[in-house]
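Novice: The structure's right below; bear with me while I get my questions together.
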């Protein structure tokens, strides 16, 4: 069984930067709930899980992807603050950004399952609800009521097309696709190196 401690071990460097202790604990709880509901019982299972079933991941796992997206979105925000010389026309909420980054794909714990042959497949749950929807439900169940944090989960992918978004959702979306699109292009032979 995946514990709070396991999740803190995987994401501690990011979790400790979330200033609001209740939000930090809710992020951990959402991950633990997702693992429990999805049948993930060991940290190794989480590390070995691919972050997408839509293209080859070349060994990049779910945990690595989650950290890359979170740190990528954080870096985009910091770069804007530095480049705009303190004249950022919109505020960055770093607690929301870090929590949203860690939770943007938490629904994949329900969407993905082992296929019994050493690989992975979309689960029945995943066929019924994509991860932005199931991840938002997990976050609510974990106690997150801040609609802007929920927006980062619900609207980071195609479900958010045309929907209003908070700044942090935009940054998470860009970081997410910056980690996904190069792999798709690589698979198609279209990535220029």
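Novice: Return a yes/no flag: does the range 2-19 have any residue that is assigned to a loop (DSSP other than H, G, I, E, B), without any contact (Cβ under 8 Å) to a residue 24 or more places away in the chain and either touching a strand residue (DSSP E or B) at 6+ places or on another chain (Cβ under 8 Å) or at negative phi (or both).
Specialist: yes
Novice: Which residues, counting only those in the range 114-171, are surrounded by 14 or more Cβ atoms within 10 Å (Cβ to Cβ), touching a strand residue (DSSP E or B) at 6+ places or on another chain (Cβ under 8 Å) and in a loop (DSSP other than H, G, I, E, B)?
Specialist: 123
Novice: Looking at the range 27-63, which of its residues are part of a loop (DSSP other than H, G, I, E, B) and either buried (at least 21 other Cβ atoms within 10 Å of the Cβ) or in contact with a helix residue (DSSP H, G or I) (Cβ under 8 Å, 6 or more places away or on another chain) (or both)?
Specialist: As a first pass, look at the range 27-63 and keep what is part of a loop (DSSP other than H, G, I, E, B): 39-42, 49, 51-60.
Passing the criteria: 40, 41, 49, 51, 52, 54, 55, 56, 57, 58, 60.
Novice: Scan the range 76-104 for residues that are in contact (Cβ under 8 Å) with a residue 24 or more places away in the chain and in a helix (DSSP H, G or I) and jot them down. Working first, answer last.
Specialist: Residues of the range 76-104 in contact (Cβ under 8 Å) with a residue 24 or more places away in the chain: 76-77, 90-104.
76, 77, 94, 95, 96, 97, 98, 99, 100, 101, 102, 103, listed by residue number.
Each value in this text was obtained by applying a stated rule to the coordinates, not by laboratory testing. These numbers come from a predicted model, not from an experiment. Reconstructed Cβ throughout: ideal geometry from the backbone, glycine too, with neighbour counts over all protein chains shown.
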